[in-house]
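Visitor: Just passing along the structure, written as structure tokens.
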Amino acid sequence: MVVILRQNADKAQLAQLENWIREMGLESRKTEGVNSTILGLVGDTSKIDIDLIGALDIVENVKRIQEPYKKANRKFHPKDTVVEVGGIKIGGGNFAVIAGPCSVESEAQICEVAEAVKAKGAAMLRGGAFKPRTSPYAFQGMRGEGIELLKEAKSKTGLPIVTEIMDISQLPLFDNVDVIQVGARNMQNFELLKALGHTNKPILLKRGLASTIEELLMSAEYIMSGGNENVMLCERGIRTFETATTRNTLDLCAIPVLKERSHLPVIIDPSHATGVARLVKPMCIAATAAGADGLIIEVHNDPAKALCDGKQSLTPEAFGDVMKAVEAVRPYSYKFN
Ligand code: PEP
Ligand code: MN
């Protein structure tokens, strides 16, 4: 961290700042130039509140040199992390597609979709049991019963299951869930992230609707600092000023940027990013080409009758078509290392 001091900074206040830095267990190295004086902070600055320093009268500017995330940082872990889910690998050159309905609606629906996506090449089954809906009057999910139905679909197809947790109190229901999804709305539910850090379950962490890449990585850090390093990052579209056709704006650049900064696998969700079924295929192709480690795609056996997100759900046939296109692009995918 570098602190740029104002010209003629008050000596007593400067001594106080230097003292405080020492008390925080860091070294401060002062460089006096003709026009300004700079303090270089050496050591672990992750616990330092940058805004606190920036607000001091004697400080003109303060900049972090080192990222505030460590466990998620590629600098300290140059090799790609490979997350393993029931024999399926994601990351480090391993690519996998997660597919299934937005919500589990019935035994017949989830089992039918599971068989269909498996036949088309999906490696895992998704399905929401706890649904974060904007309206309290909308379908809220089948909750515990939905998880039971996912387990049934797993026993029929062998596909590992991915489903969203909305609250710490639901954790005991997730014992036999293979991947716990943290939805966009919960990306900064820090108590939930801490609790997941104490499990050994793979976590699919979705980027918040209006969160920066650094905030996403800091949320991953919450989980990892608790001891659980099985984290997959998911870009699912962010809110921008654009309203033409799309539900969100897919930040494709997040793929190479996340890969530069972190060793964690990056999954793209083109369904929630676009909100429109016909836009899912081009975004799957683009995300695969840009180096994503996997995709999570909403597929429904009867999209027009879906209880949630039917507009963005693919039919099994359309999903099969997407899988072929993705396979064709895979050999040309951008590789970070
Ligand atoms: C979902 O996966 O169904 C979902 C609600 O996603 P997000 O949290 O990205 O909106
Ligand atoms: Mn959905």
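The values are calculated or read from the model by the stated rules, or taken from the named source; none is laboratory data. These numbers were taken from a predicted model, which means no experiment stands behind them. Glycine gets a Cβ as well: all are built from the backbone with ideal geometry, and neighbour counts include every protein chain shown. Accessible surface is based on the protein model in full, side chains and every heavy atom, while ligands, DNA and RNA are left aside. Shrake-Rupley method; radii C 1.70, N 1.55, O 1.52, S 1.80 Å.
Visitor: With the other protein chains left in place, how much accessible area per residue, in square angstrom, belongs to the range 259-337 at a 1.4 angstrom probe?
Guide: Details: 3070 Å² over 79 residues.
That works out to 39 Å² per residue.
Visitor: So with the 1.4 Å probe, I'd like the accessible area per residue for the range 2-63, rounded to whole Å². If you can, show how the numbers build up before the last one.
Guide: Numbers: 4080 Å² over 62 residues.
Heavy-atom accessible area per residue stands at 66 Å².
Visitor: Among 321-333, 287-299, 191-203, how do they line up from the highest to the lowest mean number of other beta-carbon atoms within 10 Å? Could the numbers behind the result be given before it?
Guide: On the way: 321-333: 14.3, 287-299: 25.1, 191-203: 18.4.
Ranking, from highest mean packing down: 287-299, 191-203, 321-333.
Visitor: Determine the share of the range 83-332's accessible area contributed by carbon and sulfur atoms, expressed in whole percent, with a 1.4 angstrom probe. Don't skip to the answer; put the middle values down first.
Guide: On the way: 5010 of 9600 Å².
So the carbon and sulfur contribution to the accessible surface is 52 percent.
Visitor: Computing the accessible area with a 1.4 Å probe over protein heavy atoms, can you report the carbon and sulfur percentage for the range 2-63? Before the final figure, lay out the partial values.
Guide: Values: 1920 of 4080 Å².
Ligands and nucleic acids excluded, carbon and sulfur reach 47 percent.
Visitor: Would you mind classifying the range 146-280 by shape? Square roots of the alpha carbon gyration tensor eigenvalues, ordered a ≥ b ≥ c; an a/c under 1.5 is rounded, otherwise it is prolate if a/b is larger than b/c and oblate if not. If you can, show how the numbers build up before the last one.
Guide: On the way: a/c = 1.85, a/b = 1.26, b/c = 1.47.
The shape class here is oblate.
Visitor: Excluding residues on the same chain fewer than 8 positions from residue 47, give the lysines whose Cα lies under 22 Å from its Cα.
Guide: 30, 63, 70, 71, 75, 194
Visitor: A follow-up question, please. Just to make sure I understand: if all protein chains stay in place, what is the order of 32, 235, 27 by accessible area at 1.4 Å, largest first? If you can, show how the numbers build up before the last one.
Guide: Values: 32 135, 235 0, 27 95 Å².
Largest accessible area first, the residues go 32, 27, 235.
Visitor: Give me the one-decimal Kirkwood hydrodynamic radius in Å for the range 2-63, with the sum taken over alpha-carbon pairs. Present the calculation step by step, with values, prior to reporting the outcome.
Guide: Values: mean 1/r = 0.0861 Å⁻¹.
Hydrodynamic radius (Kirkwood, Cα pairs) of the range 2-63 is 11.6 Å.
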